[in-house]
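Inspection log for the structure reproduced underneath, given as structure tokens.
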Amino acid sequence: MKFQKRLEQGKHYVKFCTEVYQYQRSRGRYFLHEHPLGASSWKEPCMKSMARKEANILAKIDQCQY
């Protein structure tokens, strides 16, 4: 039950982040969303939608080297 509550909080946070990103883009600004590629958050509808937008660039970078 505790896990499920935290998962729902995380989903709410991801949705909020994508709303902030949309706000940034609508004003000609940039954003950076750094998150592991294997994270389940990428499967959320709001993240899928954000990643598909033509103006956004999705880059896969190995941060371990830094």
Among residues other than LEU37 whose Cβ falls under 11 Å from its Cβ, what is the net charge (Lys/Arg +1, Asp/Glu -1)?
-> -1
Which residue, SER26, SER41, SER49, tops the fluctuation ranking in a GNM of the chain built on C-alpha contacts under 10 Å?
-> SER26
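Would you rank PHE31, PHE16, PHE3 by solvent-accessible area, highest first, keeping every protein chain in place and using a 1.4 Å probe?
Values: PHE31 60, PHE16 110, PHE3 150 Å².
Sorted by accessible area, descending: PHE3, PHE16, PHE31.
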With a 1.4 Å probe and every protein chain left in place, tell me how much accessible area LEU7 has, in Å² to the nearest 10.
-> 60
Nearest 10, in degrees from 0 to 90: the angle of helix 2-26 to the longest Cα principal axis of the chain is 10
Report P(r) for the chain: all Cα-Cα distances, bin width 5 Å, range 0 to the bin holding the largest distance, values in whole percent.
-> 3, 14, 24, 24, 16, 12, 5, 1, 0
Ranked from the most accessible area to the least, with a 1.4 Å probe and all protein chains present, what is the order of VAL14, VAL20?
-> VAL20, VAL14
Please name which of TYR13, GLN63, LEU32 has its Cα lying farthest along the dipole of the chain towards the positive end, using unit charges on Cβ (Lys, Arg +1; Asp, Glu -1) and the Cα centre as origin.
-> TYR13
Listed residues GLU44, GLU54, GLU34, most fluctuating in the chain (Gaussian network, C-alpha, under 10 Å) = GLU54
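The values are calculated or read from the model by the stated rules, or taken from the named source; none is laboratory data. Just so we're clear, the structure is a prediction, and the values are computed from it rather than from any experiment. Note that each Cβ is placed from the backbone with ideal geometry, even for glycine, and that neighbours are counted across all protein chains shown. Side chains included, ligands, DNA and RNA excluded: accessible areas come from the protein's heavy atoms. Shrake-Rupley method; radii C 1.70, N 1.55, O 1.52, S 1.80 Å.
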